[in-house]
There are 2 protein chains.
Amino acid sequence: MSTVKPGYARPLDLRKGRVDLAFGAGGRAMAQLVTELFARALANDYLERGDDGAVLPAPGPGERLVMSTDGHVVSPLFFPGGNIGSLSVHGTVNDLAVMGARPLYLAAGFILEEGYPLADLARIVESMAAAARAAGVQVVTGDTKVVEQGKGDGVFITTTGIGALPAGRDPGGARARPGDVVLVSGRLGEHGMAIMAQRESLAFDSEIVSDSAALNGLVEALYAAAPADAIRVLRDPTRGGLATTLNEIAAQSGVGMELDEVAIPVSPQVRAACELLGLDPLYVANEGKLVALCAPEHADALLAAMRAHPLGSEAARIGIITADPQHFVQLRTGVGGRRMVDWLAGEQLPRIC
Amino acid sequence: MSTVKPGYARPLDLRKGRVDLAFGAGGRAMAQLVTELFARALANDYLERGDDGAVLPAPGPGERLVMSTDGHVVSPLFFPGGNIGSLSVHGTVNDLAVMGARPLYLAAGFILEEGYPLADLARIVESMAAAARAAGVQVVTGDTKVVEQGKGDGVFITTTGIGALPAGRDPGGARARPGDVVLVSGRLGEHGMAIMAQRESLAFDSEIVSDSAALNGLVEALYAAAPADAIRVLRDPTRGGLATTLNEIAAQSGVGMELDEVAIPVSPQVRAACELLGLDPLYVANEGKLVALCAPEHADALLAAMRAHPLGSEAARIGIITADPQHFVQLRTGVGGRRMVDWLAGEQLPRIC
């Protein structure tokens, strides 16, 4: 993303202007879009340099790099609790955080549809900038492409992040073992149901708001509360929800799980909306929730650390890891029964993130 | 990109199957797409782990990181000389290489349109894998999203790269100074005209083939041939072509340029195709050409190093940097005249990369 000012051109009309194919052509119009809209909102020294990429200090001695990427195609682009801009920062920051890394730098690739209002694009980029500031990361490089009307859908953003992984941390999905405890940082399904409620124009007594948030602060609070080795697996249950996340971990670690349905936090509004739409909150996406699998002797301390953090006040202990050669995730239901919690089989909620 | 095998599902039909919205939903279908198509082609230990990102060794002591991202929306997806898969590797590898970095790791974010043939997707991913192997980089993490038919255009790929920048190298765009020499590694406009010829179904005596290629080997050959400080600016003239690239550098460095039209290498086919379509080859995109601005006393050695490399056999010295407070790029024409080479003003060739 070059931030070079091409000189003597009329400024972009950020109130009434629209995305033009010329913004993707690499010439003066693109340079204007970058300087007058992107670089202004995301301002930092790396973008200022105006080169094809960013030169960054390497992480500290003994630290490894973590890299993660996430495309965002959420529809609608604006929803209660955020928009594609803030979501695209949270999604990638969280992928780094659940790897145990301190998120440092983001790169943002925009694919814009011709005709999209510049005013809305500016709001999206400003949300991105605010989310990045709040999470303590910088958008250090970027790219913009434009496709013809009908070949895209407003705005797609692919965000890639680099983080630094301190020595000793390794919360990969393969480290769960029988007896470990499953914690979750709060109420499930809020992001997915906020999107669905808006998409289906459902009106509830109180609006469902996406939980979209950066989890790196919460993750650091956990590492401050227990030895790194006691934190076996961290994940953010996004697409496919808690059920899919736990099945992935069960398969990676070669274990089973037993969950307690009554202990799993779900708000009354989300539960009601799910019932109305025939959805199971365990499969609905979250964008600001943390699942932590931990050694049993540190579970109380970690749960207390979660609850002491603003993003974890409703945290709960929801189950344990079992030895199970079939890697089943099972649920003890409220009425004393048992049911399998399988992988999400097909499409439940398309374009939720 | 989770590479966990979800077990007991029928394998994907890679011959006749099509992209389904379920492939983006985060469940079993997505896990199958990743394991049976992406991870199989791009196989490496980082992808194998199946986590939300890749844990990578940090660069060597004294080295800085370079990060760059590039969205790819080229249309058509397949063209003479490559496809969006190879192009998406070359584009990002080249952005890192022209920053002076050794490219190390790539992340790939796919946005797929519902209904796109899996067989074509597999060809694209295989081209990506082959291009990455040839360039000596690994695709260490990725992401897949699916949008409804009519909300995308087959396949978009956003590729983000990390490279290591050895101490002493800094070929940023602001380092050109009067007297420096402008070198270019070969014939211009081949990528853009290969795309245009296919899009417009133009038939020429001999097909125009995209120059899409990884430039990191050529860049290393230059650093082996002269002191790092003598290599002032490196760039790959992609969207907007040589003209836009040189105008960007002139603005960043606060200099002017004087180019010799006769010395600028353009093939007869590209020249003929440009005339037919009313295009100027100086504004047409390249995907495997290097522009190097260098200290005059090292220009001969660097030109010789370019010519000794398979990607630089047609390299040429095409101009010099001048002191010009207006930062104009000017061309001495074949007939002894002079003309301004301005920024690309609007859209010339949409979706060329």
Note down the relative contact order for chain A as a percent, whole number, built from C-alpha pairs under 8 angstrom at least six residues apart.
21 percent
Once phi is turned into ³J(HN,Hα) by the Karplus curve 6.51 cos²θ - 1.76 cosθ + 1.60 with θ = phi - 60°, what whole-Hz value does each residue of region A:28-38 show in order, with x for glycine and proline?
5, 4, 5, 4, 5, 4, 5, 6, 7, 10, 5
What three numbers, in Å, describe the spread of the alpha carbons of chain A along their principal axes, ordered from the longest?
72, 52, 34
So what are the radius of gyration and Dmax for the Cα set of region A:181-340, in Å?
15.5, 46
Within region A:78-168, report the GluC sites (Glu not before Pro) that DSSP leaves as loop and that have at most 12 other Cβ atoms within 10 Å.
none
Given Cβ point charges of +1 (Lys, Arg) and -1 (Asp, Glu) and nothing else, what value in debye, to the nearest 20, does the dipole of chain B about its Cα centre take?
400 debye
Which parts of region A:215-250 would a label at A:ASP280 reach, counting a residue when its backbone N lies under 20 Å from a point 7 Å out along Cα-to-Cβ?
A:236-250
Explain nothing, just compute: Karplus ³J(HN,Hα) = 6.51 cos²θ - 1.76 cosθ + 1.60, θ = phi - 60°, for every residue of region A:304-321 in order, whole Hz, x for Gly and Pro.
5, 5, 4, 5, 7, 9, x, 8, x, 4, 9, 4, 8, 8, 10, x, 9, 8
Debye, to nearest 20: dipole size of the protein assembly as shown, +1 on Lys, Arg Cβ, -1 on Asp, Glu Cβ
260 debye
Given label points at 7 Å from Cα along Cα→Cβ, what nm distances, shortest first, separate B:ALA119 from the same residue in every other copy?
4.9
Computed FRET efficiency, Cβ-Cβ of B:ARG307 and B:ARG123, R0 56 Å: what is it to the nearest 0.05?
0.95
Shortest first and in nm with one decimal, please list how far the B:ARG177 label point sits from its counterparts in the other copies (point 7 Å along Cα→Cβ).
6.2
Between A:GLY50 and residues 5 or more places away or on another chain, the pairs with built amide H atoms under 5 Å apart involve A:THR3
Over the Cα atoms of the protein assembly as shown, how large are the radius of gyration and the largest Cα-Cα distance (Dmax), in Å?
25.7, 92
GNM flexibility winner over chain B from B:SER212, B:SER313, B:SER185 (Cα, springs under 10 Å)
B:SER313
Pick from A:ALA25, A:ALA295, A:ALA315: which is most flexible by mean-square fluctuation in a GNM of chain A where alpha carbon atoms under 10 Å apart are linked?
A:ALA25
In region B:181-340, if the dipole is taken from +1 on Lys/Arg beta carbons and -1 on Asp/Glu beta carbons about the Cα centre, which of B:ILE195, B:ASN216, B:PRO265 is farthest to the positive end?
B:PRO265
Integer Hz, Karplus 6.51/-1.76/1.60 couplings in order for region A:56-61, x for Gly and Pro:
10, x, 6, x, x, x
According to a simple spin-label model (label point 7 Å from Cα along Cα-to-Cβ), what is the distance in nm between B:ALA130 and A:GLU48?
4.5 nm
If labels are modelled 7 Å from Cα along the Cβ direction, B:GLN330 lies from its partners in the other copies at nm distances, smallest first, of 8.4
Under a point-charge model restricted to the Cβ atoms of Lys and Arg (+1) and Asp and Glu (-1), what is the dipole moment magnitude of region B:35-126 relative to its Cα centre, in debye to the nearest 20?
340 debye
With the alpha-carbon atoms as the only input, what is the per residue convex hull volume for region B:1-99 in Å³?
146 Å³
Of B:PRO237, B:PRO325, B:PRO103, which has the largest mean-square fluctuation in a 10 Å C-alpha GNM of chain B?
B:PRO325
Counting only residues 5 or more apart in sequence or on a different chain, those whose built amide H sits under 5 Å from that of B:VAL329 are B:MET257, B:VAL341
Which pairs, out of A:LYS289/B:LYS145; A:LYS16/A:LYS151; A:LYS16/A:LYS289, put more than 32 Å between their alpha-carbon atoms?
A:LYS16/A:LYS289
Residues meeting the amide H criterion for A:LEU344 (H placed from the backbone, H to H distance under 5 Å, 5 or more places apart or on another chain) are A:THR244, B:ARG28
Ratio of the Cα radius of gyration of region B:21-165 to 2.2 N^0.38 Å, where N counts its residues:
1.03
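Here, each number is a calculation from the coordinates, and none is a lab measurement. All values reported here derive from a predicted model rather than from experimental measurement. Backbone-built Cβ (ideal geometry, glycine too); neighbour counts: all protein chains shown.
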